[in-house]
1. Is it the case that Glu415 is of a type in the set (Asp, Glu), in a loop (DSSP other than H, G, I, E, B) and open to solvent by 10 Å² or more (accessible area, probe 1.4 Å)?
2. In segment 460-487, which residues are of a type outside the set (Asp, Glu) and without any contact (Cβ under 8 Å) to a residue 12 or more places away in the chain?
3. Every residue in segment 41-57 that is open to solvent by 60 Å² or more (accessible area, probe 1.4 Å) and assigned to a helix (DSSP H, G or I), please.
4. With respect to His360, determine if the residue is within 15 Å of ligand 1 (Cβ to nearest atom), open to solvent by 30 Å² or more (accessible area, probe 1.4 Å) and not in a loop (DSSP other than H, G, I, E, B).
5. Could you please give the count of residues in segment 387-425 that are small (Gly, Ala, Ser) and away from ligand 3 (no atom under 16 Å from the Cβ)?
6. Of the residues Ala35, Ala95, Ala60, which is at pLDDT 95 or above, surrounded by 11 or more Cβ atoms within 10 Å (Cβ to Cβ) and in a helix (DSSP H, G or I)?
7. Here is a list of conditions, (1) within 16 Å of ligand 3 (Cβ to nearest atom); (2) touching a Gly at 6+ places or on another chain (Cβ under 8 Å); (3) closer than 28 Å to Thr310 by Cα, and Leu434 meets all of them except one; can you say which number that is?
8. For segment 110-156, how many residues meet the condition of being open to solvent by 30 Å² or more (accessible area, probe 1.4 Å) and either under 29 Å from Ala412 (Cα atoms) or acidic (Asp, Glu) (or both)?
Amino acid sequence: MADELTPETPEEEQPKKTHKQRKNGLYPGVSDELAENMRTGWADTELHGLEPVAQAAHTAARRAALSARFPGERLVVPAGRLKTRSNDTEYPFRAATEYAYLTGDQTENGVLVLEPAGESGHTAALYLLPRSDRENGEFWLSGQGELWVGRRHSLAEAEQLLGLPVKDVRTVADELKEATGPVRVVRGHDPVVEAALTDKVTGERDEELRVYLSEARAVKDAFEIGELQKAVDSTVRGFEDVVKVLDKAEATSERYIEGTFFLRARVEGNDVGYGSICAAGAHACTLHWVRNDGAVRSGDLLLLDAGVETHTLYTADVTRTLPINGRYSEIQRKIYDAVYEAQEAGIAAVKPGAKFRDFHDASQHVLAEKLVEWGLLEGPVERVLELGLQRRWTLHGTGHMLGMDVHDCAAARTEAYVDGTLEPGMCLTVEPGLYFQADDLTVPEEYRGIGVRIEDDILVTEDGNRNLSAGLPRQADEVEAWMAALKG
Ligand code: GLY
Ligand code: MN
Ligand code: MN
């Protein structure tokens, strides 16, 4: 749609324009009569008595914990800004995880500020763009006007929904410039906010805030666990969708699989939580295969690694490696069964009190044993593991924290994550794999071009773990039976 009336300056940075100024050329092509006509005749659509969003109680508790960690300091957490794709077209917006975690909001340009109040504690305020002004014409003459982008919540509505005071974002940069006392900001999302704070913050102190917010997300609350289960349940349905259309993918390409899963993600959730890996045949050996433009052939395996992100931004991260024609060949099954056994050992090692590394070690041990048994590596297994020789074919770590980010808690300190201890409420993936590159001359030819990964989303519980993605079969016979039933 042509948008020739859109001014180039973002709305919140524009001075209020009078009708006369517009007439004098700021909005060429708008007559006095049209401007006057567009000012009036609109119903009042303000909403009253809104219920808070489901996560509002949880976001308040998260802000309280953040406040206790940084007493007396102003804390600034931006949502991020739209990123231009070309001209007046933007990439889809996805709010910064830290911002959504603390507010429950996902609006571009939003800013959460925790202002110190007295000796301890903070007053939280959220800064958002108000509804478009009808008087000055911005609602239809600005690119971010509601006529173009859709109705926003008024600030009063946002207060009711999110459960904290909401102010006009057009004042936030000036308020931050004038702020006194120590300040920390979550960097990397909003250059305007960062520019306003440039002489008040340090990289080291801001990093402490980012690390805190990463570590705070390691243990999920009841709301988050529910959302993760929803993400997984939609993902299970997305995998079922894919199995049902494998014949269409064979007639086209891996893109048919990507598009099929994406449809489920967009209809039931917000998006996919990361670029879907739809890797048929030897593409399974390319760990981040997201081009998804290859052929889908009967007799090959399909490694599908995909996850639905919910409307509240929690994502699943699930992989299944499926025989495209419904039956694993002998060599495919041998490799698949080894990965399955490694995953079983890994999942069994997920329990409260275990070290985060334990499930990785358990899976790697099984894979090293298999590689020695198959004659691909010289034993003993302990020597293989000590030298890491199995890694030519296992390639990656066995799992990671999962939550609002697919690789959640990524800024956590080593001692709080990789060298840390599992606790109830943590959610992580267990995803061993074996990958024999098509050009790997060190393995017999029959192995080449086969890649297998099995990935599940595992919640640490009080007495062990729960596999959130148990709705998708993993054992080879069960996978074949499941596929046969779906294909009808
Ligand atoms: N899908 C990315 C991963 O498995 O970590
Ligand atoms: Mn993963
Ligand atoms: Mn994955």
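1. no
2. From segment 460-487, those of a type outside the set (Asp, Glu) are 460-461, 464-476, 479, 481-487; that's our starting set.
Result: Arg466, Pro473, Ala481, Ala485.
3. Listed by number, the list holds a single entry, Ala57.
4. For His360, the condition - within 15 Å of ligand 1 (Cβ to nearest atom), open to solvent by 30 Å² or more (accessible area, probe 1.4 Å) and not in a loop (DSSP other than H, G, I, E, B) - is met.
5. The total comes to 6.
6. Criteria check complete, one pass: Ala60.
7. Of the numbered conditions (1) within 16 Å of ligand 3 (Cβ to nearest atom); (2) touching a Gly at 6+ places or on another chain (Cβ under 8 Å); (3) closer than 28 Å to Thr310 by Cα, the odd one out for Leu434 is (3).
8. Summing the residues that are open to solvent by 30 Å² or more (accessible area, probe 1.4 Å) and either under 29 Å from Ala412 (Cα atoms) or acidic (Asp, Glu) (or both) in segment 110-156 gives 9.
The values are calculated or read from the model by the stated rules, or taken from the named source; none is laboratory data. Values in this document were obtained by computation on a predicted structure and should not be read as measured data. Quick reminder, even Gly has a Cβ in these numbers, built from the backbone with ideal geometry, and neighbours come from all protein chains shown. In case anyone asks, the SASA skips ligands and DNA or RNA and just uses the protein heavy atoms, side chains included. Shrake-Rupley method; radii C 1.70, N 1.55, O 1.52, S 1.80 Å.
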